[in-house]
Amino acid sequence: MKKLLTILVSFSFVLTSCDYLQGYIKGTSASAEDSLAAKEDYIAERDRSITAANAYSDLFLDSTAVESFIQANAIADTTARRMRSFYNSRNYQAAWMTSNGFTEQGRGFWNRIDSAQTNGDSAALQQNTNVLIDSLMEEDTLHLNAADSLFVKTELTLTQQFVQQAKMGLQSERNLHAFLLPARKVDALQLADSIINKETDSTLWQNNQAYTALKEELKRWHTLAKDSSWQPIAGKVGQLRKGASAPLISSIKKRLAATGDWQSKDTSQLFSDSLQRAVVLFQKRHGLDSSGMITDTMITLLNVHPQDRVEQLLVNLNRMMWMPQMEEGSRAVVNIPQFMLQVYDGDSVAFEMPVVVGKEGSNTLLLNGTISEVVFNPYWNIPASIVQSEIMPAMQKDKAYLKKNNMEIVNGNDSIPQVRQLPGANNALGKVKFLFPNSYDIYLHDTPAKGLFEQDKRAFSHGCIRVADAQKLAQHLLRNQNGWGAEKVTEAMNSGKEQKVQVQNPLPIYITYYTVWVDESGKVHYRDDVYGQDARTRSLLFTDSAA
């Protein structure tokens, strides 16, 4: 993916200096830093002001471990100097992991590398390194320490990859953002202020409408966070309908004006037609039932503290930088906190449907790929982890369990047998699955459990993504292929026999995790932090986080 290298080049500012998080050379002007950093033999001064008390990560490397890695891998002098400079600027704090595993930035960078390797667009890392990283990714709970050889090798391999990708544009994007690879905890409002008042943004983001809209939203909430008069709306409402009159309505109008949903200056106590329209807009933007009635749930969302919104926006802006920019034209997007699949035709949504994503502990991973194959009536090759935790205990309780569930053992020689479920009405993958190559064996699929799509929070799967209308998606993917009209798709789905069809025009797909995002009309939407990713990053990044 050509855009991958473009974006990685833009990351290079972290190898020089950061406006808000201090430069690598204290007391030196930005222009002087640029001049120094341009020299091939330049190595940044070690920043000992970064300590365990204020660091982003709780893991610190021994400088000798970096030198040993450089020597053992015969790393070229230029790359070696950049690695030393990189870690000096962080006081040898880990860039990609904490003791609990990968940071969000670490996952973001690895997913970029993995996607490029899967699509054949980047030189692959050594196979043993891929295995190390995948083993870390798949762990639900980790506790790493700085002496752990797995941690040290993975951390330094990623940094080597990072500086090699970024080195060509060393000076070009030094003012992009100070928190791309955070080195220390910061004050959220000060960081927001530095972003809002930056005279020019990176060339990468100047024409990005979503980034511009989120930056404006950040400005709105930054202003509210500095307003000492802000107070939560007090009281319970039950349900307030149009036509009602109550003192609370005046406060709700003022708050909706602050959020940008209410454009009128009317602050009366009457629940008017225009207020109902504002209520519906707010409800749609926050994933609520757009009933037009004011409820206690809506009041709770109106009472989210402005600093919480500032932190949420900063985390999502950081996340946006690590996700690849989406290709123009047709694409599919699954945003996990939204529990929706949207299929785009250019800049507009052609159709959308609810999805079920991985439950907590079986999180659906963030990645991008290309839907290249449709499989009708698929076999389900059950992952070993599910066989061990669910199938084998069920088999011990009921000898006929496999037969009752249309399953069979493919290979029983291992301690954990290989089990698959045959095509049929109860097959967990339903009547069709949609494949896009990736390292984690994640795919989209149909499901016989249609009732789950009626739930508001739809995190129930083992990691793959269930779609509400698989037939519609299959018809869309095969719509321009000879012999694959709607009737043929229906026939294939109901045949009961596995059939694989290559998609002649593969569809790019992006699996994202945005709790704040901008829709095609420019409206900003908010959702719950279903996997707790925002909360974890906020606790690492901000000195005064309420997360």
Return yes or no: is residue 215 in a helix (DSSP H, G or I), surrounded by 18 or more Cβ atoms within 10 Å (Cβ to Cβ) and in contact with a Ser or Thr (Cβ under 6 Å, 6 or more places away or on another chain)? no
Hey, residue 333 hits all of (1) among the hydrophobic types (A, V, I, L, M, F, W, C); (2) over 23 Å from residue 428 (Cα atoms); (3) open to solvent by 10 Å² or more (accessible area, probe 1.4 Å); (4) outside any helix (DSSP H, G or I) but one; which does it fall short on? (2)
For the stretch 413-439, which residues satisfy the criterion of being in contact with a strand residue (DSSP E or B) (Cβ under 7 Å, 6 or more places away or on another chain), part of a loop (DSSP other than H, G, I, E, B), more than 24 Å from residue 492 (Cβ to Cβ) and open to solvent by 30 Å² or more (accessible area, probe 1.4 Å)? 438
Among residues of the stretch 57-97 being under 27 Å from the mean Cα position of the chain (by Cα) and open to solvent by 30 Å² or more (accessible area, probe 1.4 Å), the residue nearest to residue 541 (Cα to Cα) is 58
When every residue in the stretch 347-361 that is open to solvent by 30 Å² or more (accessible area, probe 1.4 Å) and among the small types (Gly, Ala, Ser) is compared, the one farthest from residue 507 (Cα to Cα) is 361
Scan the stretch 363-384 and report the pairs whose first residue is in a loop (DSSP other than H, G, I, E, B) and whose second residue is among the basic types (Lys, Arg), with Cβ atoms within less than 7 Å and a gap of 6+ or a chain change. 366/107; 377/431; 377/497; 378/433; 379/420; 382/420
Pairs please, first residue from the stretch 29-56 and loosely packed, with under 11 Cβ neighbours inside 10 Å, second anywhere and modelled with pLDDT of 60 or more, Cβ atoms under 6 Å, 6+ apart in sequence or on different chains. 48/91
Just for the stretch 253-269: of the residues that are in a loop (DSSP other than H, G, I, E, B) and within 30 Å of the chain's Cα centre (by Cα), which one is farthest from residue 293 (Cα to Cα)? 260
Considering only the stretch 473-508, how many residues are assigned to a strand (DSSP E or B) and touching a Lys or Arg at 6+ places or on another chain (Cβ under 7 Å)? 2
Could you go through the stretch 71-88 and let me know if any residue there is touching a Leu at 6+ places or on another chain (Cβ under 9 Å), assigned to a loop (DSSP other than H, G, I, E, B), at pLDDT below 80 and farther than 28 Å from residue 535 by Cβ. no
Of (1) more than 24 Å from the chain's Cα centre (by Cα); (2) over 27 Å from residue 503 (Cβ atoms); (3) open to solvent by 30 Å² or more (accessible area, probe 1.4 Å), residue 448 satisfies all except one. Which? (2)
Per the list (1) without any contact (Cβ under 8 Å) to a residue 40 or more places away in the chain; (2) more than 23 Å from residue 227 (Cβ to Cβ); (3) open to solvent by 10 Å² or more (accessible area, probe 1.4 Å), residue check on residue 300 breaks on (2)
Any hit, the stretch 395-402, residues being at pLDDT below 90, farther than 30 Å from residue 486 by Cα, surrounded by fewer than 21 Cβ atoms within 10 Å (Cβ to Cβ) and aromatic (Phe, Trp, Tyr): no
As an exercise: evaluate residue 370 against (1) within 29 Å of the chain's Cα centre (by Cα); (2) open to solvent by less than 30 Å² (accessible area, probe 1.4 Å) and give the number of the one condition it does not meet. (2)
Enumeration of residues in the stretch 339-354 that are closer than 17 Å to residue 465 by Cβ and either free of Cβ contacts under 8 Å to residues at least 12 places away in the same chain or touching a helix residue (DSSP H, G or I) at 6+ places or on another chain (Cβ under 8 Å) (or both): 341, 342, 343, 351, 353, 354
Condition broken by residue 453, with the remaining ones in (1) open to solvent by less than 60 Å² (accessible area, probe 1.4 Å); (2) assigned to a strand (DSSP E or B); (3) out of contact with any helix residue (DSSP H, G or I) (no Cβ under 7 Å at 6 or more places or on another chain) satisfied: (2)
Just need a number here: residues in the stretch 282-318 that are over 22 Å from the mean Cα position of the chain (by Cα) and at positive phi. 1
Would you say residue 512 is open to solvent by less than 60 Å² (accessible area, probe 1.4 Å) and modelled with pLDDT under 95? yes
The stretch 266-279 - residue that is under 15 Å from residue 251 (Cβ atoms) and open to solvent by 60 Å² or more (accessible area, probe 1.4 Å) and, of those, modelled with the lowest pLDDT: 267
When residues of the stretch 221-247 are limited to those that are of a type in the set (Lys, Arg) and under 19 Å from residue 279 (Cβ atoms), the one surrounded by the most Cβ atoms within 10 Å (Cβ to Cβ): 242
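The values are calculated or read from the model by the stated rules, or taken from the named source; none is laboratory data. Since the model is a prediction, treat every value here as computed from it, not as a measurement. Backbone-built Cβ (ideal geometry, glycine too); neighbour counts: all protein chains shown. In case anyone asks, the SASA skips ligands and DNA or RNA and just uses the protein heavy atoms, side chains included. Shrake-Rupley method; radii C 1.70, N 1.55, O 1.52, S 1.80 Å.
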